[in-house]
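No lab work stands behind these numbers, since they all come straight from the coordinates. Because the structure is predicted, anything quoted here is derived from the model rather than measured. Note that each Cβ is placed from the backbone with ideal geometry, even for glycine, and that neighbours are counted across all protein chains shown.
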Amino acid sequence: MGIVLAAGHGKRIRSETSKMLHLIWERPTVARVSESVDAGLASLDQVIVVGVGGLAVARTLGPRSGRVFAYQKGPVLGLPGGTGDAVRVALDSFSPPTQGERHIYVFPGDMGLLTGDLVKSFRRDFEENPCSMMILTGVYDGPPEQNYYGRIVRVPDTDVEGRPSGDDAGNVIAIREHRDILGLPDGGAEQLTYRGRDYSFTRQQLMETQEINTLIVAFRERDLRAHLGAMVADNAQGELLLTDLAEIYNRQGLTVRAVRTANEEEIIGFNVKSVWRQMESIAMRRAHKRLMDIITIVDEEDFFIADEVIEQIIAIDKDFGPLDIVVGKGAYIGPGVKLNRKLHLGDRCRITGGIVFGEGVRIGEGGQLSTYPGQTMHLEGGVEVLPRNILKGNMRIGERSRVESGVIMTGSDEWPMRVGKGVTIKGTSYLYGCHVDDGLLVEHSVIKCKHVQAVKRRDGTCQPVRYVVPTPEGLDSIGELPA
């Protein structure tokens with residue numbers, strides 16, 4: 001069972017949009033976490049804990065089999081909130097198993113770089129190393145005073161009396177939050193007890209501890225339900241903190257383990273815009289790394305290719321060999337787009353919706369191609385769309401056709417746009433819902449819902465279609481400006 005903590009609105013992000021709905025590589029961070037948890041746990045059983053702004057989060061994620069939304073109302077009513085309260089709310093949303101032992105995995109919803117592979121690895125560590133609680137940790141290598149994460153406090157080599165700790169050395173005693181460490185007096189120390197022996201930690205030692213809590217934690221459900229109620233809000237935050245369970249478990253003689261992540265980037269969460277933008281940069285770098293030896297990306301710091309399209313590119317390359325695809329600077333390729341070999345997408349073009357490319361299609365700089373949900377636009381082999389043209393909706397353009405400058409074409413479900421082979425459309429033209437025969441030249445024309453027929457001249461060439469303009473309407477509304 002996975003629990004995703006998505007109740008935090010994120011005041012420090014300074015946005016009316018919930019932190020959980022901020023986009024990482026064009027997907028809400030909470031959606032990315034949810035999908036990674038599904039994949040890594042190989043289970044759809046998942047509770048999303050929401051709070052302020054929870055309705056927007058629930059609408060964004062939507063319903064599906066195995067997903068439950070739980071509302072954390074404590075902070076809204078002025079009661080102690082925190083991660084511990086959020087997990088309590090999640091546990092209240094489903095019943096304990098009638099038989100067998102279930103594992104509970106908790107993940108922060110703002111960790112938008114998390115992958116299913118990391119979740120799977122953590123799950124394997126928990127299953128293969130018997131314990132009641134396991135914490136995924138990371139390493140903070142910046143200045144201690146800028147480390148706002150909870151510190152992992154481990155058993156040192158000797159206790160306060162100088163006796164060796166033996167097999168206990170390295171075990172997790174507690175997790176100390178940054179604000180609680182700051183509450184210790186300068187030069188002061190905190191004494192903690194582990195298995196009947198006392199250990200002392202100075203304020204400076206705790207501040208300089210580099211191993212940090214990621215808030216990714218695994219539990220055995222029976223122990224979690226038995227001891228969750230022992231948490232108290234006696235900390236600087238005034239909240240029920242899930243991390244307090246490390247000490248609670250230790251006092252009960254239960255085993256708490258910690259395992260360090262192999263990829264520090266995946267455990268980044270954000271509270272401020274600067275970190276969110278850093279995560280966006282990491283996501284772009286990841287995408288470029290996967291594609292850099294398969295296709296040509298003109299500017300590795302300025303492009304977008306949706307995750308599913310990246311997977312498609314990798315699969316096509318594996319099945320059909322060299323692709324010779326070029327993606328220009330600032331180009332945007334959204335979900336649902338189907339690419340093909342020898343495709344050239346110019347700088348700053350935007351391709352969204354059900355766009356299907358034939359081989360050798362070229363889209364010029366600033367071209368915009370889009371469809372509404374359920375529609376498909378086919379551009380057959382060798383089609384060329386010159387810079388800054390706009391193509392929208394239900395449409396098919398035949399082989400070797402060419403759309404030159406100043407053209408807008410639209411097709412709807414009722415009036416699909418169909419362009420034959422070898423057609424040229426150019427010169428400030430607008431076509432809506434038309435059928436254009438093969439080999440035609442259409443120039444400087446506004447044509448709506450018509451069959452544009454090929455009329456042969458005596459020499460066998462097609463008669464061009466030029467300067468077709470509908471009868472004007474509303475001329476009575478147009479007059480001269482006063483002098």
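The Cα atoms of the range 284-472 give a gyration tensor whose axes a ≥ b ≥ c have a/c of 1.5 or more with a/b greater than b/c, which makes the shape prolate. Using a simple spin-label model with pseudo-atoms 7 Å out from Cα toward Cβ, Asp45 and Ala483 lie 8.7 nm apart.
Give, as ranges by residue number, the residues of the range 236-271 whose backbone N falls under 17 Å from the point 7 Å along Cα→Cβ of Asp92. Hits in the range 236-271 for Asp92 at 17 Å: 239-242. Our note on the geometry: Cα centres of the range 163-199 and the range 1-46, 33 Å apart.
DSSP finds beta bridges in the chain, and of those with both partners inside it, around 25 percent are antiparallel. Against the set [x] 108, 58, 53; [y] 85, 59, 34; [z] 78, 55, 40, the structure's computed Cα extents along the principal axes in Å falls on [x].
Among Tyr148, Tyr430, the order by Cβ neighbours within 10 angstrom, fewest to most, reads Tyr148, Tyr430. In percent, how large is the relative contact order of the range 284-472, given Cα pairs closer than 8 Å and 6 or more residues apart? Reported relative contact order: 10 percent. For Ala230 and Arg277, the FRET efficiency from 1/(1 + (r/R0)^6), where r spans their Cβ atoms and R0 equals 41 Å, is about 0.55.
At 7 Å along the Cα-to-beta-carbon direction for both Asp157 and Tyr430, put a label point, then send me their distance in nm to one decimal. That separation, rounded to one decimal, is 8.0 nm.
What FRET efficiency would be calculated for the residue pair Arg251, Thr296, taking the C-beta separation as r and a Förster radius of 41 Å, to the nearest 0.05? The value I calculate is 0.10.
Once C-alpha pairs closer than 8 Å and six or more residues apart are averaged by separation and normalised to the residue number of the chain, the relative contact order reads 9 percent.
When the listed pairs Lys329/Lys448; Lys421/Lys450; Lys329/Lys426; Lys289/Lys338; Lys421/Lys448; Lys11/Lys73 are checked against a 28 Å cut-off, the alpha-carbon distance exceeds it for Lys329/Lys448. Other residues with beta-carbon under 15 Å from the beta-carbon of Gly62 carry, at +1 per Lys or Arg and -1 per Asp or Glu, a net charge of +3. Would you give the gap between the C-alpha center of the range 210-224 and the C-alpha center of the range 362-398, rounded to a whole Å? The distance from the Cα centre of the range 210-224 to that of the range 362-398 comes to 50 Å.
Look at the alpha carbon pairs under 8 Å that are at least 6 residues apart: their mean separation over the length of the range 207-324 gives a relative contact order of 14 percent. Counting neighbouring Cβ atoms within 10 Å and putting the fewest first, the residues Cys434, Cys131 line up as Cys131, Cys434.
Extending 7 Å from Cα along the Cβ direction at Arg59 and again at Tyr372 yields two label points whose distance is 2.0 nm.
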